[in-house]
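The values are calculated or read from the model by the stated rules, or taken from the named source; none is laboratory data. As the structure is a prediction and not an experimental result, all values here were calculated from the model. A quick note on method: Cβ atoms are made from the backbone with ideal geometry, for glycine too, and the neighbour counts reach across all protein chains shown. Just so you know, the surface numbers come from the protein's heavy atoms only, side chains and all, with ligands and any DNA or RNA stripped out. Shrake-Rupley method; radii C 1.70, N 1.55, O 1.52, S 1.80 Å.
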Amino acid sequence: PDPLLRELIARCRDQLPGKPALALELRIGDGGASSDVVLAARAGQTLHTFLQNFTRARKLLLECLGKHQVTL
């Protein structure tokens, strides 16, 4: 475990806009126990909107990490 990387990831997650942040949090927090249909309902979104928000969250998170020379 790298505490500096964890801190950077947390800072990047904190910068995500509302709905993408919610989609990411629901997906991570659920640990794979529920389908995206269920997670979308929890978020009050359609499945398509939930998946778009999750994709945006991943993109923004990767961009933020990239700005700090973290590549995946």
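At-a-glance table
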| item | result |
| --- | --- |
| Any hit, the stretch 47-68, residues being open to solvent by 60 Å² or more (accessible area, probe 1.4 Å), part of a loop (DSSP other than H, G, I, E, B), without any contact (Cβ under 8 Å) to a residue 12 or more places away in the chain and not charged (D, E, K, R) | no |
| Filter result (part of a helix (DSSP H, G or I) and among the small types (Gly, Ala, Ser)) within the stretch 27-37 | Gly29 |
| Of all residues in the stretch 1-26 being in contact with a helix residue (DSSP H, G or I) (Cβ under 6 Å, 6 or more places away or on another chain) and part of a helix (DSSP H, G or I), the one that is nearest to Cys64 (Cα to Cα) | Cys12 |
| Lone unmet requirement of (1) open to solvent by 60 Å² or more (accessible area, probe 1.4 Å); (2) in a helix (DSSP H, G or I) for Ala40 | (1) |
| Qualifying residue in the stretch 10-19 (condition: open to solvent by less than 70 Å² (accessible area, probe 1.4 Å), of a type in the set (Asp, Glu) and at pLDDT 95 or above) | no |
| Any hit, the stretch 52-63, residues being among the hydroxyl-bearing types (Ser, Thr, Tyr) and under 15 Å from the mean Cα position of the chain (by Cα) | yes |
